[in-house]
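Once you've had a glance at the structure underneath, I'll fire off some questions.
Just so you know, all these numbers are worked out from the coordinates, no wet-lab data involved. As the structure is a computational prediction, the values presented were derived from the model and not from experiment. Heads up, the Cβs are rebuilt from the backbone with ideal geometry, glycines too, and the neighbour counts pull from every protein chain shown.
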Amino acid sequence: MVKVASLVLALLLGLGLTVDSLTAAPAQADPNAKAREEYAVLDKALKANGWKGKSDALRAFVRAHPDSQYKDYAQKQAVNATNQWVVELYQKKDMAALGPAAEQLLRMQPGNETGLGAALEAYYATKNYAKAARFGEQLYAKKPSPGIAAALADCYDKLKDANKFATYARTVTEGKSDKEAFPYNIKLFDHYSRRRSVGRAAGYAQKMLAAYPGEEMPPGFTQESWNQVKGQLYSTTGLNHFNRKRWRQALVSYRNSLRFKPRDSAAYYHMGMSQWQLKENRVAMKLLAQAEGLGGSYGSRAKKALEALFRAATGGSLDGLDRIRQAAMAELN
């Protein structure tokens with residue numbers, strides 16, 4: 001028996017073979033094993049609890065299997081799950097969690113309208129106006145509407161960005177009645193007044209006056225505060241008429257302004273100059289004398305205009321001008 005075994009071994013070695021090669025041939029690899037393994041992981045992710053759980057598991061699958069044949073499908077399902085998660089948070093009014101969830105959706109699918117709208121509302125509700133405006137502008141570019149414009153106008157109002165506020169506030173007021181647009185028009189009036197854009201400011205002043213004529217008052221105003229505003233509104237419309245050389249309209253507006261802002265040297269000055277342009281020099285001198293006497297920022301220029309007008313009427317003399325000044329101021333007192 002030993003001789004037979006030795007003979008077999010010698011024969012095998014002579015042939016260049018080994019015992020192992022005859023007794024343990026390697027098994028062939030299963031070409032579908034990787035796919036089955038990935039599918040099992042994907043199936044588990046799809047069955048995760050809750051929309052957030054599904055979203056997290058599916059995104060984890062995509063990160064762990066970047067070359068998987070199921071990657072595109074998993075990515076699509078991850079977007080759907082995240083979208084549903086965002087909707088769920090919105091319905092629960094969980095604004096603190098909604099913002100980050102919406103941003104997650106937007107990282108997966110930039111420009112997603114659900115994500116943009118949710119981010120705008122969530123960050124507005126949590127007073128993160130800078131983020132709300134950023135996402136709101138993206139949404140407005142895709143889907144312009146008065147509602148989104150109103151949200152953006154309010155964000156920029158809170159952020160003290162007057163130029164962007166004006167851009168969106170103008171859009172909001174389109175098609176609205178003067179009363180409906182009043183809260184925006186009063187801020188637009190202030191915006192353009194501060195920038196000395198008299199024509200635009202006057203346009204909003206006229207809308208505000210038309211919204212609440214007579215004794216009617218806007219909500220939130222007292223009679224005193226509304227009278228102060230009306231005085232400024234009439235003064236601005238008067239200045240606009242004056243700048244455009246509409247002298248008689250300027251006189252009407254400034255007379256109205258004096259009902260609410262008596263002893264306003266600016267009103268008397270512009271009325272005096274308007275009367276001068278209309279060749280009504282006697283009235284012009286009285287009004288300019290009153291503006292001079294009231295002082296303020298228009299006092300000195302009223303004095304120069306009054307003396308120039310008086311000299312023109314007297315051949316260069318100022319004799320008698322003091323009597324005009326005294327009579328003009330007596331009329332005010």
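Hey, any idea what the orientation-averaged projected area of the convex hull of the chain's Cα atoms comes to, in nm²?
32.9 nm²
Mind sorting Arg63, Arg311 by how few other Cβ atoms lie within 10 Å of their own Cβ, fewest first?
Placing the least packed residue first, the sequence is Arg63, Arg311.
Over the range 191-276, what is the relative contact order in percent, taking alpha-carbon pairs closer than 8 angstrom and at least six residues apart?
25 percent
Determine the gain in length on full extension of the stretch Asn32-Ala64; use 0.36 nm per residue of separation and subtract their C-alpha separation, reporting nm with one decimal.
Gain on stretching Asn32 to Ala64: 9.7 nm.
Going by how many other Cβ atoms sit within 10 Å of their own, how do His241, His65 line up, fewest first?
Lowest to highest Cβ neighbour count: His65, His241.
Calculate, for Arg263 and Ala150, the FRET efficiency according to 1/(1 + (r/R0)^6) with r their C-beta to C-beta distance and R0 56 Å; round to the nearest 0.05.
After rounding, the FRET efficiency stands at 0.90.
Next up: Could I have the simple spin-label model distance between Lys176 and Asp322, label points 7 Å from Cα toward Cβ, reported in nm to one decimal?
5.8 nm
Quantify how much of the Cα-Cα distance distribution of the range 263-333 extends past 16 Å, in percent.
37 percent
Listing Tyr70, Tyr204 from the residue with the fewest other Cβ atoms within 10 Å to the one with the most, what is the order? Please list the in-between numbers first.
Details: Tyr70 17, Tyr204 26.
Starting with the residue having the fewest Cβ neighbours, the order is Tyr70, Tyr204.
Quick check: residue separation of Glu280 and Lys245 times 0.36 nm, minus the Cα distance between them. What number comes out in nm?
Using 0.36 nm per residue and subtracting the Cα-Cα distance, I get 11.1 nm.
Which whole-number percentage describes the relative contact order of the chain, with Cα contacts under 8 Å and a sequence gap of 6 or more? Write down the numbers at each step before the final one.
On the way: 372 pairs, mean separation 20.2, N = 333.
Relative CO of the chain lands at 6 percent.
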